[in-house]
Amino acid sequence: MMALETMRWKNNRLELIDQRLLPKKNIYISCVTSGDVREAIKTMVVRGAPAIGIAGAYGVYLGMRKSRARNFDAFKKEMSAVIKRLASSRPTARNLFWALERMDALVKENHKKPVKTLKSLILAEAHTILAEDMKICRAMGRYGAKLIPTHAGILTHCNAGGLATAGYGTALGVIFAARKKIRRVYADETRPVLQGARLTAWELDRARIPVTLICDNMAASLMAAKKVDAVIVGADRIAANGDTANKIGTYNLAVLARYHKISFYVAAPFSTFDLSITDGTGIEIEERSAEEVRKIGSACIAPEKVSVWNPAFDVTPAKLITAIITEKGIIRRPTRRKVARMLQK
């Protein structure tokens, strides 16, 4: 499976696949400032927690590349403002904050070095985060593949593939690694922005993995027909006890999977875990524009002024999760103690 180049660094700019245009157009847009990166994250040019984190790291460099600060204090003050603006782009994806915190810690650790050196270190760290993500996703794929039965039917939700990472995927990374054992993948369309229909189906078709697209409200019938052996999803933030925030509709699938006695797996790197949050009630859920629900593309499908509730994510309780697949191993029946133990590895 040829990895996607979700993002690339070229000529002092970050180039991102514009995911809003897929599958009709596969084009890159260029970000030359931290403001460009913030807008790309906010408008979902780039999406998926790991990819957002990587983009945020490069955004810090782009925000500081032309800094005229002459000493560390001035540089740090300017960088803190850049980080604050980037952090305001989307609230739920933990990886964004993890990457920004990592960049902040890097600069603090090197406070005695010249400003020019700090800029080079920031860019090098962004490159490192990008390279690490590819390795992490492949490691998750290897661990997760062991959980997949032979001739399996797999249901996935939203997009947790190459487009949501540096180019390989979390949930889809498991599917790519286990492809020889998989009979068919069923992709939920994932309303309201249709990431499953537009992105996941496109990625799986590109990888020549048999895929069937279904509407979100068909999942229960699919399970009842015994066509699903496992559900695999990604994650945007995981609390200390294993409660998991992912794209809206994930919780539905977890409840359905439990009723039908189907394994429900979450694939996520440790950069998605937020140990400062005790459980899922502490995860901030982003609410997005009503227009995403009232329209599909430019076509209005509802009364123009009808009231809309549009949370981008929901939280699946850890007790409904069969296992969380990480780059360090598998956390079966996640609990606070099991999560902490795996993090210590």
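With the convex hull drawn over the C-alpha atoms of the stretch 248-311, the volume per residue is 165 Å³. Once the C-beta distance of His260 and Lys181 is scaled by a Förster radius of 25 Å, the resulting FRET efficiency is 0.75 to the nearest 0.05. Compute the label zone of Glu292 within the stretch 18-58: residues whose backbone N is under 12 Å from the point 7 Å along Cα-to-Cβ. Backbone N within reach: 42-45, 47-48. Computed from point charges on the beta carbon alone (+1 for Lys and Arg, -1 for Asp and Glu), the dipole magnitude for the chain about its Cα centre is near 920 Debye. The stretch 284-313 and the stretch 140-179 have their alpha-carbon centroids 29 Å apart.
Could you tell me which of the pairs Lys180/Lys319; Lys227/Lys345; Lys10/Lys84; Lys180/Lys261 are separated by over 28 angstrom between their Cα atoms in the structure shown? Going by Cα-Cα distance, Lys180/Lys319; Lys227/Lys345 fall outside the 28 Å limit. Of the residues Leu147, Trp309, Leu194, the one whose Cα sits farthest toward the positive end of the charge dipole of the stretch 147-343, with +1 on the Cβ of Lys and Arg and -1 on the Cβ of Asp and Glu, is Leu147. Simple spin-label estimate for Ala340 and Lys328 gives 1.3 nm between the two label positions (7 Å along the Cα-to-Cβ direction from each Cα). The alpha carbon gyration tensor of the stretch 147-343 gives principal lengths a ≥ b ≥ c with a/c of 1.5 or higher and a/b no greater than b/c, which makes the shape oblate.
Neighbour counts of other Cβ atoms within 10 Å put Ser307, Ser30 in the fewest-to-most order Ser307, Ser30. Counting charges near Ile54 (Lys, Arg +1; Asp, Glu -1) among other residues having Cβ under 10 Å from its Cβ returns a value of -2.
Cα-Cα pairs above 21 Å in the stretch 41-166: how many percent? List each step's numbers first, then the result.
On the way: 3581 of 7875 pairs.
When every Cα pair of the stretch 41-166 is considered, 45 percent fall beyond 21 Å.
Between the beta carbons of Arg65 and Glu304, assuming R0 = 41 Å, the FRET efficiency works out to 0.40 to the nearest 0.05.
For each of Thr322, Thr272, Thr244, count neighbouring Cβ atoms within 10 Å of the residue's Cβ, then give the residues from fewest to most.
Working: Thr322 19, Thr272 26, Thr244 31.
Ranking Thr322, Thr272, Thr244 by Cβ neighbours within 10 Å, fewest first, gives Thr322, Thr272, Thr244.
Full-extension gain between Asn110 and Glu5, please, as 0.36 nm times their residue separation minus the C-alpha to C-alpha distance. Can you show the working numbers first?
Numbers: separation 105, 0.36 × 105 = 37.80 nm, distance 3.12 nm.
Taking Asn110 through Glu5 to full extension adds about 34.7 nm, to one decimal.
Helix-only arithmetic for the chain: the sum of -39500 (n - 2.57) across DSSP H runs with n ≥ 4, divided by the residue total, places the mean residue ellipticity at 222 nm at -11500 deg cm²/dmol.
Between the C-alpha center of the stretch 6-25 and that of the stretch 81-123 there is a gap of 22 Å.
Only the coordinates and a few stated rules stand behind these numbers; no lab work does. Since the model is a prediction, treat every value here as computed from it, not as a measurement. Note that each Cβ is placed from the backbone with ideal geometry, even for glycine, and that neighbours are counted across all protein chains shown.
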